[in-house]
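Here's the structure we're looking at; comments come further down.
The values are calculated or read from the model by the stated rules, or taken from the named source; none is laboratory data. Since this is a predicted model, take the numbers as computed values, not measurements. Virtual Cβ from ideal backbone geometry, glycine too; neighbours counted across all protein chains shown. Just the protein is used for accessible areas: all its heavy atoms, side chains included, with ligands, DNA and RNA removed. Shrake-Rupley method; radii C 1.70, N 1.55, O 1.52, S 1.80 Å.
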Amino acid sequence: MKYLVLLGDGMADYPLEELGGRTPLQAAATPAMDAAAQQGVSALFCPIPEGMSPGSDVGNLSMFGYNPRECYTGRAPLEAANQGIELASDEVVFRCNLVTLDNGVMASFTADHISSPEGAPLIDALNSGMADLPVRFHPGVGYRHLAVLTTNGASVEDLTRIACEPPHNISDQPIKNYLPTGNGQELLETIMKRSQQILGDHPVNRSRIEAGKSPATSVWLWGQGSSPRLPHYAERFGLSGAVISAVDLVKGIGRCAGLQVIDVPGATGYLDTNYAGKVSAALAALEEVDFVYLHVEAPDETAHEGRADLKIQAIEDFDRAVVAPCLAYATGRDDARVLIAPDHVTAISTRTHAGGPVPFALCGAGVTPNGATTYSEVEAARFGVAFPEGYMLTPYMLQAPEITLAAEDAHTRCDI
Ligand SMILES: [Zn+2]
């Protein structure tokens with residue numbers, strides 16, 4: 001059997017007045033996802049466990065079939081795993097965003113989508129300008145980088161427990177209300193202040209300003225933790241597999257799960273990503289492996305910008321360029337299953353993530369349709385919450401000989 005998970009990051013949302021009371025999923029033209037719902041089953045599930053922060057780290061861990069309550073140790077350790085960064089026992093890794101602060105306000109948590117070639121020399125400058133501090137920076141993709149801090153008197157537990165606000169939660173707000181708090185906070189404040197001195201007049205920023213773009217004026221540290229321990233897919237499901245994504249976080253979960261990571265040139269994590277390259281890499285991989293997880297970031301990024309028009313474009317691109325060819329692949333054979341889902345809500349109205357139930361569609365071999373006619377939050381709600389423990393959805397797809405979603409046997413699905 002062949003299995004495909006197609007993940008539209010942050011695709012779910014709430015009804016919007018500007019869309020006539022519809023959600024972006026309802027307003028978007030999605031013939032392929034609607035066909036998947038019609039041919040298969042669609043209902044709601046909860047990828048974010050009650051009380052946990054609704055981030056892509058928790059959401060994607062669930063979608064890979066891992067219970068976040070048991071194995072979540074922070075976002076940065078998953079990204080570090082993808083970069084092969086080994087943590088010593090007295091080290092804690094932090095996500096390090098390059099951001100634009102304007103008079104103490106979080107003007108852009110992406111430093112205006114700074115590119116990787118621009119970010120790399122800034123990270124070098126931070127390393128040479130902070131050689132006296134117990135910190136080491138590691139360059140990543142675009143504005144997303146890592147900082148490994150050595151405990152320096154505080155403990156690993158202290159550093160891990162410092163309250164750090166994800167910067168995408170405080171767009172256009174004064175940062176003074178959201179500075180890190182907890183034992184060891186002074187080290188983080190020193191690093192942020194020093195970064196502002198180093199980045200202040202850097203040539204990369206000068207040319208960005210000349211080009212009318214926002215400069216990267218500071219680092220913002222958050223999402224810290226120590227290395228996660230995930231049982232591998234081969235061990236759990238007896239399956240080989242691969243992951244395709246532009247972002248370190250998802251590739252890192254794949255690496256921790258013992259899956260191959262396939263890097264696709266031109267995968268940007270935004271609207272200009274290489275959809276065709278990702279799909280052909282996925283279908284080629286399925287010639288070798290049993291399972292492929294294909295992740296698309298654009299719906300989440302556009303929702304953080306509060307742009308319903310761009311989010312609808314991201315959803316339509318996902319439907320046309322990713323879901324349609326993958327569905328054609330699956331319907332062309334009798335031993336394949338396709339699961340389509342978001343990892344959480346990213347709401348246009350708040351420009352940030354939210355927990356709660358979101359829709360999935362699952363079709364292919366052994367799947368009995370449940371009567372869904374389209375793919376959206378509203379249509380899926382007609383069939384209730386099939387997986388309150390959302391991390392059980394993918395294992396159900398991977399292990400259930402027959403897939404039915406009759407309401408009365410909801411409990412059995414959770415016992416697999
Ligand atoms: Zn996400």
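Find how much the distance from GLN83 to SER128 grows on full extension, using 0.36 nm per residue of separation minus their present alpha carbon separation; answer in nm with one decimal.
14.1 nm
Quick one: Kirkwood hydrodynamic radius for the chain, alpha-carbon pairs, angstrom, one decimal?
About 21.8 Å, per the Kirkwood formula over Cα pairs.
Say each of ASP90 and THR73 gets a label point 7 Å from the Cα, pointing the same way as Cα to Cβ; how far apart are those two points in nm?
1.9 nm
Roughly how many Å² is the accessible area per residue of the stretch 1-148, as a whole number, for a 1.4 Å probe?
33 Å²
May I ask you to give the percent of accessible area on the chain that is carbon plus sulfur, with a probe radius of 1.4 Å?
Carbon-and-sulfur percentage of accessible area, whole number: 51.
Relative contact order of the chain: what whole-number percent is it, with Cα pairs under 8 angstrom and at least 6 residues apart?
32 percent
Using 7 Å Cα-to-Cβ label points, what is the SER115/ASN183 separation (nm, one decimal)?
It is 4.5 nm.
Could you order HIS202, HIS344 by accessible surface area, starting with the largest, using a probe radius of 1.4 Å?
Heavy-atom accessible area, descending, gives HIS202, HIS344.
Treating the stretch 81-225 as a set of equal point scatterers at the Cα positions, no solvent, please give the Debye-formula log₁₀ I(q)/I(0) at q = 0.16 Å⁻¹.
So the normalised log intensities are -0.80.
With the cut-off at 29 Å, tell me which of the pairs LYS2/LYS251; LYS176/LYS213; LYS193/LYS311; LYS193/LYS251; LYS251/LYS311 have Cα atoms farther apart than that.
LYS193/LYS311; LYS193/LYS251
For LEU122, what is the net charge nearby, where nearby means another residue's Cβ is under 14 Å from its Cβ and Lys, Arg count +1, Asp, Glu -1?
Net charge around LEU122: +1.
Using a basic spin-label model with each label point 7 Å from the Cα along Cα→Cβ, how many nm lie between LYS176 and ALA29?
So the two model labels end up 5.1 nm from each other.
Using per-residue counts of other Cβ atoms within 10 Å, averaged over each peptide, order 61-74, 351-364, 262-275, 368-381 from highest down.
The densest-packed peptide leads the list: 351-364, 61-74, 368-381, 262-275.
Expressed as a rounded percentage, what relative contact order does the stretch 81-225 have, with Cα pairs under 8 Å and six or more residues apart?
With pairs under 8 Å counted, the relative contact order is 35 percent.
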